[in-house]
Amino acid sequence: MTITLPEGQPNHRFMRYVRPPIKDDEDHRPLYPLRPATRPLRLGIDVATIPAPPDGTFSTFLGREELDIQLLVPRGAEVPDAWARVLQDPLVRQIGFTTVEEASRHLDTVEFGVATDGERERSRYSAHFFPVYQQLDEQLATPGAEPVTLAERNRAAAYAAASAAVGIDAIVTTAPTVGRCDVADNDIVVSVTPDDAVALIGHYLRMTSNPVVQVRRGGLVGGGSWEQTESTATIENFYDWGVGARMPYFDCLHLIIAPRSGDSDVVAAVNSIRVRLCRATRALDQLLAVLSNPISGKRSADVVEAAAEAFDRQLLYLAAAFDIYGRRFLLLIDSTRDPKKFRLSLDAGGYITDHLAREYPSDALVEVERLHAYAGVCKVLRNHIHDGILPVDQHPGRGYGSTKNIALNLDAMPELLPGASPNLTQAHYDSLGVWRADPVEVFGARTTVADLATAAVTLMGAGSGLIEAFTKLILRNKPMVASKPHSILGCVQGQPGEAEPQPHPRELFYRSLFAWPDI
């Protein structure tokens with residue numbers, strides 16, 4: 001099998017989260033998220049691509065005091081009436097960029113103004129970007145990706161530069177450049193779709209210890225208004241409900257099936273898995289928040305260390321969940337077994353062939369087998385944690401400019417290199433964000449690395465997905481050869497051709513507040 005890795009620029013980037021909104025001295029402030037933010041999350045709306053509040057969950061957050069919604073409009077354009085009606089006196093940032101040819105020049109950059117004229121603020125800023133970078137982005141675009149014109153790339157650069165100048169944390173847009181790893185300006189101020197913005201808001205709420213997930217307001221006939229607030233009460237509940245919403249079969253096992261089985265050992269095991277998944281998710285949130293800090297200057301070593309430590313915790317919690325589930329299933333198949341002699345983890349290389357293939361038909365194992373390869377990656381990384389320290393450091397993000405990414409060095413873990421494992425395909429390497437990075441030192445060698453944020457999000461999604469797929473497998477299928485199976489195995493029996501029930505709107509809402517991709 002031939003694996004092709006991008007040369008010199010990241011293969012995929014999970015969206016970079018907001019920088020900490022803290023006003024302290026840059027050299028002495030703690031790394032986010034060690035304490036709550038002191039200002040709202042600033043989101044800039046690209047009204048040219050989103051002329052009215054979009055349908056969906058994002059619009060339900062408009063009006064929250066935790067969010068500062070600002071409008072990004074071309075210079076001279078009118079503010080759309082739909083936004084003016086919804087937002088109360090928003091800041092309107094007029095971006096004075098049209099084309100590279102019409103813009104002013106300052107050395108090798110194009111320069112343009114960002115004007116704000118309103119009761120809340122009157123200001124003038126200058127923004128600039130290097131137009132040659134967009135040309136290089138176009139030449140090195142990801143093969144097979146949807147084409148993006150140079151004019152669209154320049155526009156994305158202008159909006160990122162303008163947003164950075166006025167302190168906006170993220171741009172909400174539907175432009176074709178949104179979220180693209182071959183658009184370097186997403187490293188300056190990230191652009192997100194309205195749906196991705198919901199996940200960004202959810203992350204912000206959790207990192208600022210805010211359990212209020214929904215506020216609804218409306219007017220009353222005859223005057224007055226009403227307000228309805230939904231809160232998880234605690235951040236622990238926030239994580240618990242979010243994880244459960246993404247895992248309906250495991251949620252059913254945890255809340256209904258295990259407690260009614262009368263088996264205290266099963267209840268304890270399922271509860272333990274649930275807690276570890278929630279803690280792994282919290283560690284992932286903290287990793288992403290830490291990566292929001294700048295990785296240049298004298299604090300860069302602190303950012304690398306804090307991110308690497310959070311990644312360690314995420315992996316160890318996932319590994320613990322795999323250990324508990326793998327061992328418990330072997331006892332569910334035969335309760336007379338000695339637990340001390342059956343301690344194989346769900347992420348073990350031979351688990352499917354040795355223990356699942358004999359009990360379940362091959363067509364029922366497809367999803368478990370696909371996701372099991374990611375569990376193997378987690379196992380390799382967990383073993384390296386036990387043996388030493390994971391090789392996490394800064395690597396050049398591109399062959400031009402000075403951007404760097406915090407990434408895992410796979411050359412130091414040859415078991416994970418392309419061609420070393422028959423279980424890892426091109427799709428696995430793409431989703432883990434693997435690329436051939438330029439040398440760190442002059443005359444050094446290229447290094448095979450995986451973007452830390454991308455790998456962490458992928459492994460969280462795949463790890464929880466494996467546990468969910470495994471739960472669905474054992475609940476919906478009776479084991480074929482087990483002599484003394486537990487009563488919960490195969491206890492959920494459906495009719496032939498029966499469709500899966502659609503998720504409840506509240507389940508979809510909590511899923512949207514977490515940003516795990518469907519791996």
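Picking from residues in the stretch 155-169 that are open to solvent by less than 10 Å² (accessible area, probe 1.4 Å) and touching a helix residue (DSSP H, G or I) at 6+ places or on another chain (Cβ under 6 Å), the one that is farthest from Phe129 (Cα to Cα) is Ala160. Annotation: Asp438 fulfils all but one of (1) over 23 Å from Ala407 (Cβ atoms); (2) crowded, with 16+ Cβ neighbours inside 10 Å; (3) charged (D, E, K, R); the unmet one is (1). Of the residues in the stretch 212-219, at least one is open to solvent by 30 Å² or more (accessible area, probe 1.4 Å), among the basic types (Lys, Arg) and touching a residue at least 40 places away in the same chain (Cβ under 8 Å).
Could we say that Arg337 is assigned to a loop (DSSP other than H, G, I, E, B) and open to solvent by 40 Å² or more (accessible area, probe 1.4 Å) here? Yes: the conditions hold for Arg337.
Of the residues making up the stretch 192-211, just one is without any contact (Cβ under 8 Å) to a residue 40 or more places away in the chain and under 24 Å from Ala158 (Cβ atoms), namely Thr193.
Within the stretch 204-238, the residues that satisfy the criterion of being of a type in the set (Val, Ile, Thr) and closer than 20 Å to Leu62 by Cβ are Thr208, Val212, Val213, Val215, Thr229.
Tell me which residues, restricted to the stretch 472-519, are among the hydroxyl-bearing types (Ser, Thr, Tyr) and farther than 17 Å from Phe250 by Cα. Correct list: Ser483, Ser512.
Would you mind finding the one in Ala289, Ala319 that is in contact with a Pro (Cβ under 7 Å, 6 or more places away or on another chain) and not charged (D, E, K, R)? Give the steps one after another, and end with the answer.
Values: Ala319 fails: in contact with a Pro (Cβ under 7 Å, 6 or more places away or on another chain).
Going through Ala289, Ala319 in turn, the sole match is Ala289.
Taken over the stretch 298-327, the criterion of being open to solvent by 60 Å² or more (accessible area, probe 1.4 Å) and either under 20 Å from Arg276 (Cβ atoms) or assigned to a helix (DSSP H, G or I) (or both) is satisfied by Ala301, Asp302, Glu305, Glu309, Arg313, Leu316, Tyr317, Arg327.
Looking only at residues of the stretch 491-511 that are in a loop (DSSP other than H, G, I, E, B) and within 33 Å of the chain's Cα centre (by Cα), we find that the one that is nearest to Glu359 (Cα to Cα) is Val492. Test Arg274 against the criterion of being open to solvent by 30 Å² or more (accessible area, probe 1.4 Å) and farther than 26 Å from Asp187 by Cβ, and give yes or no. No: the conditions fail for Arg274.
For the stretch 252-271, a residue qualifies if it is open to solvent by 50 Å² or more (accessible area, probe 1.4 Å) and of a type in the set (Asp, Glu), and exactly one does: Asp265.
It is to be established whether one or more residues within the stretch 72-84 are closer than 30 Å to Gly401 by Cα, aromatic (Phe, Trp, Tyr), touching a residue at least 24 places away in the same chain (Cβ under 8 Å) and surrounded by 14 or more Cβ atoms within 10 Å (Cβ to Cβ). Within the stretch 72-84, none of the residues are closer than 30 Å to Gly401 by Cα, aromatic (Phe, Trp, Tyr), touching a residue at least 24 places away in the same chain (Cβ under 8 Å) and surrounded by 14 or more Cβ atoms within 10 Å (Cβ to Cβ). Contact annotation: residue pairs with Cβ atoms under 8 Å, 6 or more positions apart or on different chains, pairing a residue in the stretch 134-145 that is over 12 Å from Glu7 (Cβ atoms) with a partner that is of a type in the set (Ser, Thr, Tyr), are Leu136/Tyr400. Just one residue in the set Asp89, Asp169 is charged (D, E, K, R), in contact with a strand residue (DSSP E or B) (Cβ under 8 Å, 6 or more places away or on another chain) and within 21 Å of Pro40 (Cβ to Cβ); that residue is Asp169.
Consider the stretch 407-445. How many of its residues are more than 26 Å from Val132 (Cβ to Cβ) and either hydrophobic (A, V, I, L, M, F, W, C) or in a helix (DSSP H, G or I) (or both)?
Let us first name the residues in the stretch 407-445 that are more than 26 Å from Val132 (Cβ to Cβ), namely 408-432, 434, 445.
Retained after the next criterion (residues that are either hydrophobic (A, V, I, L, M, F, W, C) or in a helix (DSSP H, G or I) (or both)): 408, 410-417, 420, 424, 426-432, 434, 445.
Residues in the stretch 407-445 being more than 26 Å from Val132 (Cβ to Cβ) and either hydrophobic (A, V, I, L, M, F, W, C) or in a helix (DSSP H, G or I) (or both): 20 in total.
One residue stands out among those in the stretch 42-60 that are of a type in the set (D, E, K, R) and over 14 Å from Ile201 (Cα atoms): the one that is most open to solvent (accessible area, probe 1.4 Å), which is Asp55. Just checking, does the stretch 86-108 include any residue being assigned to a strand (DSSP E or B) and of a type in the set (Ser, Thr, Tyr)? Checking the stretch 86-108: at least one residue is assigned to a strand (DSSP E or B) and of a type in the set (Ser, Thr, Tyr). Within the stretch 227-251, residues that are open to solvent by less than 40 Å² (accessible area, probe 1.4 Å) reach partners that are not in a helix (DSSP H, G or I) with beta carbons closer than 7 Å, at six or more positions or on different chains, in the pairs Thr232/Pro211; Thr232/Val213; Ile235/Ser209; Ile235/Pro211; Phe238/Pro211; Phe238/Thr232; Gly242/Leu513; Gly242/Phe514.
Regarding Thr454, is this residue crowded, with 21+ Cβ neighbours inside 10 Å, more than 24 Å from Ile257 (Cβ to Cβ), of a type outside the set (A, V, I, L, M, F, W, C) and under 22 Å from the mean Cα position of the chain (by Cα)? Judged against the criteria, Thr454 is a match. Picking from residues in the stretch 345-367 that are open to solvent by 60 Å² or more (accessible area, probe 1.4 Å) and part of a loop (DSSP other than H, G, I, E, B), the one that is modelled with the lowest pLDDT is Gly349. Scanning for something of a type in the set (S, T, N, Q), open to solvent by 20 Å² or more (accessible area, probe 1.4 Å) and touching an Asp or Glu at 6+ places or on another chain (Cβ under 7 Å), does the stretch 131-138 turn up at least one residue? Looking through the stretch 131-138, none of the residues is of a type in the set (S, T, N, Q), open to solvent by 20 Å² or more (accessible area, probe 1.4 Å) and touching an Asp or Glu at 6+ places or on another chain (Cβ under 7 Å). Please specify each residue of the stretch 242-288 satisfying the condition of being within 28 Å of Ala455 (Cα to Cα) and not in a helix (DSSP H, G or I). Matches in the stretch 242-288: Arg246, Met247.
The values are calculated or read from the model by the stated rules, or taken from the named source; none is laboratory data. As the structure is a prediction and not an experimental result, all values here were calculated from the model. Ideal geometry is used to build each Cβ from the backbone, glycine not excepted, and the neighbour counts take in all protein chains shown. Ligands, DNA and RNA are excluded from the accessible area calculation, which covers all protein heavy atoms including side chains. Shrake-Rupley method; radii C 1.70, N 1.55, O 1.52, S 1.80 Å.
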